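Enquirer: Quick one: this structure, given as structure tokens, is what I'll be asking you about.
The values are calculated or read from the model by the stated rules, or taken from the named source; none is laboratory data. Since the model is a prediction, treat every value here as computed from it, not as a measurement. For neighbour counting, all protein chains shown are included, and Cβ atoms are generated from backbone atoms with ideal geometry for every residue, glycine included.
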Amino acid sequence: MRSELTFATHSFFREMGFVCVHTPIITTDDCEGAGEMFQVTTLFSQAQKADRDLRLKLAPHHDADDEEEEGTVGFESDFFRRQAFLTVSGQLQAEAYACALSGVYTFGPTFRAENSHTSRHLAEFLMVEPEIAFANLQDIMNYAESYVQYLCKWLLEHCMEDMEFMAKTHDKAAIERLELVSSTPFERVSYTKAVEILMGSAGSKKFQTKVEWGIDLASEHERYLTEVIFKKPVIVYNYPRGIKAFYMRLNDDQKTVAAMDVLVPKVGELIGGSQREERFGILKQRILEAGLPMASYEFYLDLRRYGSVKHSGFGLGLERMLLFATGLDNIRDVIPFPRYPGKADL
């Protein structure tokens, strides 16, 4: 099924006229701005610090000007002469490709250093990320819906034996769920409307996470919308700016951004995407608001500084698609060698 979903992905985007591109695995930018990244270094920083502290202790007279600031590491002696990380997304680089090639997509490994032990998170996973020039939020919602439906149809046509096995041994509704998603238009509601619906359900449904405008919807909220309220996939759009990344286009109300998430039964969020902020001044201000180092994003600002176009994109985690399709309960069961906090065997 993993192999077929990979083939289906390339088939879909080829039919759509997209170009497959490759983005760096090692990067110096934090695309999501969350700081949850694995560092790539040839320095053993702890051993280096211990050795430095010992030398300072043994040397009664030393020049304070020669010392590095306490608690910092001199990356000028590291391999890349600066901090480097494993990528959390190829989006920023894909945007550069899209401005030249129009429709592109990247499909590769992604890493998140989130200390999360949920059934939906991995430290290493595969992500599909299309980026489309001249596209707005509505366009990528259409692409995302078509892509998910294409994958579901592909599995039904090419993996029925596997799906019958999953339905027999793990989730009897697995095939029915794929048939529903492949043939049913997705519901589309704004974030504000989704919150109103959830708050209106508070009398009949008790959520662990309190529902109020401004929260990042939890898995229980997402699944309630898809499994109880609408009983089909839902696209939620126009999220509060405070809970989304700096690169998402600010809406005219100054409170929300042109972002969308595709939510599906059994899993919750399957796809996340947005229209990108193409206005130089606003993008620069958003980077500052996020407290990110401006120097690391100069190349990204240059895409706007020297002329840009409206563009949008989204990302789908392959393992979440497998989780949705198979009906398994834990994402660690859909990947051969799962990486998560405390686990990196082989």
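Enquirer: In segment 216-247, which residues are closer than 19 Å to MET260 by Cβ, hydrophobic (A, V, I, L, M, F, W, C) and over 18 Å from the mean Cα position of the chain (by Cα)?
Expert: First, the residues of segment 216-247 that are closer than 19 Å to MET260 by Cβ: 216-219, 221-226, 229-230, 232-247.
Okay, now just the ones that are also hydrophobic (A, V, I, L, M, F, W, C), so 217-218, 225, 229-230, 234-236, 243, 245-246.
Within segment 216-247, LEU225, ILE229, PHE230 qualify.
Enquirer: (1) farther than 21 Å from LEU323 by Cβ; (2) buried (at least 22 other Cβ atoms within 10 Å of the Cβ); (3) of a type in the set (A, V, I, L, M): which one isn't true of VAL189, the others all being true?
Expert: Exception for VAL189: condition (2).
Enquirer: When you go through ALA290, ALA295, ALA259 one by one, which is the residue that is free of Cβ contacts under 8 Å to residues at least 12 places away in the same chain and either of a type in the set (Gly, Ala, Ser) or within 21 Å of TYR224 (Cα to Cα) (or both)? Break it down stepwise before answering.
Expert: Working: ALA290 fails: free of Cβ contacts under 8 Å to residues at least 12 places away in the same chain; ALA259 fails: free of Cβ contacts under 8 Å to residues at least 12 places away in the same chain.
Residue meeting the stated conditions: ALA295.
Enquirer: Next up: Could you check how many residues of segment 132-144 are within 17 Å of the chain's Cα centre (by Cα) and within 16 Å of VAL189 (Cβ to Cβ)? Don't jump to the end; show me each part of the working.
Expert: Step one: list which residues in segment 132-144 are within 17 Å of the chain's Cα centre (by Cα), which gives 132, 137, 140-141, 143-144.
Now narrow it down to the ones that are within 16 Å of VAL189 (Cβ to Cβ): 137, 141, 144.
Looking only at that region, the number is 3.
Enquirer: Test of understanding: among GLU76, GLU161, GLU124, which residue is under 29 Å from ALA344 (Cα atoms) and surrounded by fewer than 21 Cβ atoms within 10 Å (Cβ to Cβ)? Reasoning before the result, please.
Expert: Working: GLU76 fails: under 29 Å from ALA344 (Cα atoms); GLU161 fails: under 29 Å from ALA344 (Cα atoms).
Matching residue, one of GLU76, GLU161, GLU124: GLU124.
Enquirer: Just checking, does segment 312-329 include any residue being over 21 Å from GLU220 (Cβ atoms), part of a loop (DSSP other than H, G, I, E, B), at pLDDT 95 or above and in contact with a helix residue (DSSP H, G or I) (Cβ under 6 Å, 6 or more places away or on another chain)?
Expert: no
Enquirer: Quick one: which strands (runs of 3 or more DSSP E) sit completely within segment 68-139 and have at least 2 residues that are under 19 Å from LEU322 (Cβ atoms)? Break it down stepwise before answering.
Expert: Numbers: elements: 84-86, 103-111, 124-133.
Those strands (runs of 3 or more DSSP E) span 103-111, 124-133.
Enquirer: OK, next. Quick one: how many residues across segment 248-266 are closer than 24 Å to MET127 by Cα and either more than 17 Å from the chain's Cα centre (by Cα) or modelled with pLDDT under 95 (or both)?
Expert: Number of matching residues: 2.
Enquirer: Report every pair of residues separated by at least 6 positions or lying on different chains whose Cβ atoms are under 6 Å apart, first residue within segment 231-244 and of a type in the set (D, E, K, R) and part of a loop (DSSP other than H, G, I, E, B), second at pLDDT 95 or above and surrounded by 19 or more Cβ atoms within 10 Å (Cβ to Cβ).
Expert: Final answer for the pair search is LYS244/VAL257; LYS244/ALA259.
Enquirer: Could you count how many residues in segment 290-302 are part of a helix (DSSP H, G or I) and either among the β-branched types (Val, Ile, Thr) or within 15 Å of MET248 (Cα to Cα) (or both)? Give the steps one after another, and end with the answer.
Expert: Just the residues of segment 290-302 that are part of a helix (DSSP H, G or I), to begin with: 294-302.
Remaining after also requiring either among the β-branched types (Val, Ile, Thr) or within 15 Å of MET248 (Cα to Cα) (or both): 297, 300-301.
Here the count works out to 3.
Enquirer: Got at least one residue in segment 278-289 being more than 26 Å from GLU114 (Cβ to Cβ), assigned to a helix (DSSP H, G or I) and either of a type in the set (Ser, Thr, Tyr) or in contact with a Cys (Cβ under 7 Å, 6 or more places away or on another chain) (or both)? Walk me through how you get there before you give the answer.
Expert: Going residue by residue through segment 278-289, those that are more than 26 Å from GLU114 (Cβ to Cβ) are 278-282, 284-285.
Checking which are assigned to a helix (DSSP H, G or I) leaves us with 280-282, 284-285.
Retained after the next criterion (residues that are either of a type in the set (Ser, Thr, Tyr) or in contact with a Cys (Cβ under 7 Å, 6 or more places away or on another chain) (or both)): none.
There is no residue in segment 278-289 that is more than 26 Å from GLU114 (Cβ to Cβ), assigned to a helix (DSSP H, G or I) and either of a type in the set (Ser, Thr, Tyr) or in contact with a Cys (Cβ under 7 Å, 6 or more places away or on another chain) (or both).
Residue by residue, here is whether (1) touching a Phe, Trp or Tyr at 6+ places or on another chain (Cβ under 8 Å); (2) among the aromatic types (Phe, Trp, Tyr); (3) at positive phi; (4) buried (at least 22 other Cβ atoms within 10 Å of the Cβ) holds:
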{"position": "LYS255", "(1), (2), (3), (4)": "no, no, no, no"}
{"position": "ILE271", "(1), (2), (3), (4)": "yes, no, no, yes"}
{"position": "ARG279", "(1), (2), (3), (4)": "no, no, no, no"}
{"position": "ILE282", "(1), (2), (3), (4)": "no, no, no, no"}
{"position": "GLY307", "(1), (2), (3), (4)": "no, no, yes, no"}
{"position": "HIS311", "(1), (2), (3), (4)": "yes, no, no, yes"}
{"position": "PHE314", "(1), (2), (3), (4)": "yes, yes, no, yes"}
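Enquirer: What pairs come out if I take residues in segment 176-200 that are among the small types (Gly, Ala, Ser) and pair them with residues that are assigned to a helix (DSSP H, G or I) whose C-beta lies under 8 Å away, six or more apart or interchain?
Expert: What qualifies is SER182/GLN149; SER182/CYS152; SER182/LYS153; SER182/LEU156; SER183/GLN149; ALA194/HIS221; ALA194/LEU225.
Enquirer: Scan GLY242, GLY214 and give me the residue that is loosely packed, with under 13 Cβ neighbours inside 10 Å, touching a strand residue (DSSP E or B) at 6+ places or on another chain (Cβ under 9 Å) and not hydroxyl-bearing (Ser, Thr, Tyr).
Expert: Values: GLY242 fails: touching a strand residue (DSSP E or B) at 6+ places or on another chain (Cβ under 9 Å).
Among GLY242, GLY214, only GLY214 is loosely packed, with under 13 Cβ neighbours inside 10 Å, touching a strand residue (DSSP E or B) at 6+ places or on another chain (Cβ under 9 Å) and not hydroxyl-bearing (Ser, Thr, Tyr).
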